[in-house]
Amino acid sequence: MKVFKGGYINTLLAPAILAACLLLPACTRPDPGRQADQSAPVRFALAQMPINLDPRYATDASSERINRLLYQSLVDFDVTSKPVPALASWLMVSPVEYHFTLKQPFARFHDHKPLTAYDVKATYDSIVMLKDSPQAAEYANIASIKVASADRLIFQLKQPDMHFPSKLILGILPKGYIDKQHDFAHRPIGSGPFSFERWQNKLVLKRVRDGQQVLFTEVKDPTVRVLKLLRGETDLLQGDLPPELVRYLQTKPGVTVATTQGVNFSYLGLNMQDPVLKQHQVRLAIAHAVDRSAIIEKVMVKGTRPAGAILSPEHYTNGGKTLPAYAYNPELARKLLVEAGVQLPLKLVYKTSTDAQRVRLATILQAQMAKAGIELEIRSLDWGTFFEEVKRGNFQLFGLTWVGIKTPEIYAKAFGSQQFPPYGFNRGRYADSRLDALLTAEDWLAATSRIHEQLPYIPLWYEGQFAAFNKNISGYAPKPDGNWDDLATIRRTGLNKLMVKP
């Protein structure tokens, strides 16, 4: 992690922030001697509030990050993304039988009752029966769950699965509340470091060990989020800011901006059924038509780095090896297109969301690709429409980011020839028998090399992570996957002297 307390400011940005300040009441400096209230909540401003606090249904990033604070799971991951025991250790008796033993003393739910094997069974039994749960398919391979004792249970599978433990990352719910069909989505009860307090316009959680509250509010506009931090109306921001605003915050003496390398993977998706894009030379040309280094330097936050595969170089499946990013070479790209028999300029449609940063990236890609003889038409759609188009395969090119991916099975789900939607995430409809064989054999190094060579998508970068917080906050650092785990250790300290004029 690197911490910045000064740096470059975009001079065009300051007037915009000042203008926005005029729309908010009292952009003034309060009494600098006012003592920070140690009992006051830590205020966290989000670009988007969570949607569903039932872990069986949550799919959006905010919900999953909040749920990590509210619930505990049987299994978690280490820094190399290997599965490690959380609530329980396990033993693989056979490829279709796993025994799990809960750690002692038992974890306790927020209603003070112990979390036992009966709760684990009830949680996973319930999700298998929930036909409307987006998580249900992940556990369809479970044939049965048997409780051997309060601390031991046996999972029997329908088909062998060497990676089964890495799937057991669902937050465990109390059996009694499941039986009563409790509304976990809006009144969660878990065993995590935070308990649920209330959720009206704002979401309030309370840290179990000391009662410290964390208050989450939604502030969609990034400039307003920055202003609220500067005025002391919020204590913490993480992610979802354009780099100019991050650099602006780095110039403020009352703000700490902490950054770290990220692992969330951004890429260009390709429709492999398209008569032009299914040609390897065309895909190779597109890969050489993107200047990743220039984009990272100019418009991405600190800690962003070029990518060669979905899983970052630190992942255990990569063996410490890094697949190189394709070099920017518009002349080579143009030559490859001509050799492929493509009439220049090659006209392609690129779909993205209406998010300002995504549109900005699209316009940069458009300018870079023009030098390679590619004429990119940008179509920006609201998120719901855009994602539906992607899932239906109604695209030539699109841009997305994989968030929080830990297991190498993502390669099979994203590129296996049997994983076309709705059965998997192979939205580009890529089919390669050689890759299928490597994926079946779980030869991850060879599989990622084959994907890198064939380019069923165009890898871009791993997005850097940052957090910005007031000087009365300590003990917090951004995580590579963007999770908010350090809220469990965050502290309010010292005098609240921030509150500076923009």
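Throughout, read-outs are computed from the coordinates displayed, never taken from laboratory work. This is a predicted model, so every value here is computed, not measured. Glycine gets a Cβ as well: all are built from the backbone with ideal geometry, and neighbour counts include every protein chain shown.
A few remarks follow.
- Projecting label points 7 angstrom from Cα along Cα→Cβ for Met129 and Lys103 puts them 3.0 nm apart.
- Averaging Cα coordinates gives a centre for the stretch 299-357 and one for the stretch 433-491; these two points are 16 Å apart.
- Value of relative contact order over the stretch 196-241, rounded to a whole percent, pairs C-alpha under 8 Å and six or more apart: 22
- Prolate/oblate/rounded call for the stretch 314-382, Cα gyration tensor, a/c under 1.5 rounded: oblate
- The packing ranking of peptides 386-394, 168-176, highest mean first, is 168-176, 386-394, where packing means the average number of other beta carbon atoms within 10 angstrom of each residue.
- Overall Cα dimensions of the stretch 367-440 - principal axes, largest extent first, Å: 40, 30, 23
- Taking 25 °C and 0.890 mPa s as conditions, the stretch 61-179 diffuses translationally at an estimated 167 µm²/s according to Stokes-Einstein applied to its Kirkwood radius (Cα pairs).
- Segment Tyr423-Asn141, length gained on full extension (0.36 nm per residue, minus Cα span): 100.1 nm
- Zero-based 5 Å bins, Cα pair distances in the stretch 193-337, whole percents: 2, 7, 12, 13, 13, 13, 12, 10, 8, 5, 4, 1, 0
- Relative contact order for the chain, counting Cα pairs under 8 Å that sit 6 or more residues apart, in percent: 22
- Mean separation of Cα contacts under 8 Å, 6 or more apart, over the residue count of the stretch 262-463: relative contact order %: 37
- Distance between the stretch 55-120 and the stretch 157-219 - C-alpha centres, whole angstrom: 11
- Residue-averaged [θ]222 nm for the chain, counting only DSSP H segments that reach four residues, each worth -39500 (n - 2.57): -7500 deg cm²/dmol
- Scaled radius of gyration (Cα, divided by 2.2 N^0.38 Å) that the stretch 262-463 gives: 0.96
- The C-alpha radius of gyration of the stretch 368-502, expressed as a fraction of 2.2 N^0.38 Å, stands at 1.48.
- Computed Kirkwood radius, in angstrom, where 1/r is averaged over Cα pairs of the chain: 24.6
- Over 30 Å apart at the Cα level, from the set Lys158/Lys479; Lys175/Lys202; Lys335/Lys479; Lys82/Lys302; Lys121/Lys220, are Lys158/Lys479; Lys335/Lys479; Lys121/Lys220.
- The stretch 86-157: trypsin sites (Lys or Arg not before Pro) falling in loop per DSSP and having at most 16 other Cβ within 10 Å: Lys103, Lys131
- Computed lengthening from Ala477 to Thr489, 0.36 nm per intervening residue step minus Cα-Cα distance: 3.3 nm
- Sparse packing (at most 14 other Cβ atoms within 10 Å of the Cβ) combined with a DSSP loop state is found for the following chymotrypsin sites (Phe, Trp or Tyr not before Pro) in the stretch 415-445: Tyr423.
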